[in-house]
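Since the structure comes first, as structure tokens, the remarks are kept for the end.
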Amino acid sequence: MRILVVEDERKIADALKQGLETEGYQVTTALSGEDGFYCLTTAGYDLMLLDLMLPGRDGIEILQSIRKKGILTPILLLTGLDMVEDRVLGLDSGADDYLVKPFAFPELLARIRLLLRRGQKEPQHLLKLADLEINLLSHRAIRGAQSLELTVKEFELLEYLLQHQGKVVSREMLAQDVWLIRERSTPLDNVIDVTIARLRRKVDGPFEQKLIRTIRGVGFCLGEADNG
């Protein structure tokens, strides 16, 4: 599970990252609301921990902007403000839960587990984008009326891209979530790039509309926005 921690106090952010990673979560930290908003809107996360008292745009502004974009990622607010009015404002702005500082780490973990359970959906066996479809039960991929002959790794990669369609997927995410290798390396990046190229030839090559895009210096995106 991937957790985004938005906290401007570096010591707290680092402590949360260390504690959550010890529990097996993959954690990204952002030290400002703007950085947190960018991370959440460009990469996939299962949960966001959001401090309210942030420099610049505060947590409520960030929270409202996230919900206005239709992003449904569970958000747990962390704050030293413990007035009832503050809690009501946070929940009414789109937060899923609220935890007042200082808090016990076991309680934070319990709330995280609860939100992650709430956010889980029934597994889908069909993933679709435009005329592209994969069936997770039969392990079959088709585009239009054409069956795509994919290797196991190409199928896993396409499944991951479809699960994150419309979002930028970094090589680091692919290394950890598809290749199951924690540390990136140049040889692994080369393997990822070669696999992406093979998959693009099969998914996009024969078709006018291109779905797989390379975002230079960042990663890859599966979507309908760019047909060039």
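Structure notes:
- In segment 13-39, the residues that are in contact with a strand residue (DSSP E or B) (Cβ under 6 Å, 6 or more places away or on another chain) and part of a helix (DSSP H, G or I): Ala13, Leu16, Lys17, Leu20, Glu21, Gly36, Cys39
Yes/no matrix, rows are residues, columns are (1) surrounded by fewer than 17 Cβ atoms within 10 Å (Cβ to Cβ); (2) assigned by TED's automatic domain parsing to the domain that holds Leu180; (3) out of contact with any Gly (no Cβ under 9 Å at 6 or more places or on another chain); (4) small (Gly, Ala, Ser):
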| site | (1), (2), (3), (4) |
| --- | --- |
| Ile134 | no, yes, yes, no |
| Arg140 | yes, yes, yes, no |
| Arg143 | no, yes, yes, no |
| Ser147 | yes, yes, yes, yes |
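- Being modelled with pLDDT of 90 or more and within 18 Å of Phe207 (Cβ to Cβ) is a property that Asp97 lacks.
- Of all residues in segment 175-197 being out of contact with any Lys or Arg (no Cβ under 9 Å at 6 or more places or on another chain) and under 15 Å from Thr214 (Cβ atoms), the one that is modelled with the lowest pLDDT: Asn190
- For Ile71, the conditions (1) buried (at least 18 other Cβ atoms within 10 Å of the Cβ); (2) under 22 Å from Gly219 (Cα atoms); (3) without any contact (Cβ under 8 Å) to a residue 60 or more places away in the chain; (4) of a type in the set (A, V, I, L, M) are fulfilled apart from (1).
- Given (1) modelled with pLDDT under 90; (2) buried (at least 17 other Cβ atoms within 10 Å of the Cβ); (3) among the acidic types (Asp, Glu), index of the condition Asp204 fails: (1)
- Which listed residue is crowded, with 18+ Cβ neighbours inside 10 Å, touching an Asp or Glu at 6+ places or on another chain (Cβ under 7 Å) and either farther than 24 Å from Arg10 by Cα or not assigned by TED's automatic domain parsing to the domain that holds Gly205 (or both), from Asp96, Asp51: Asp51
- When the residues of segment 1-12 are filtered to those that are touching an Asp or Glu at 6+ places or on another chain (Cβ under 8 Å) and part of a strand (DSSP E or B), the one that is farthest from Gly59 (Cα to Cα) is Arg2.
- Failed item in (1) part of a strand (DSSP E or B); (2) free of Cβ contacts under 8 Å to residues at least 60 places away in the same chain; (3) not hydroxyl-bearing (Ser, Thr, Tyr), with Met53 passing the rest: (1)
The values are calculated or read from the model by the stated rules, or taken from the named source; none is laboratory data. Quantities reported herein were computed from a predicted structural model and do not represent experimental measurements. Glycine gets a Cβ as well: all are built from the backbone with ideal geometry, and neighbour counts include every protein chain shown.
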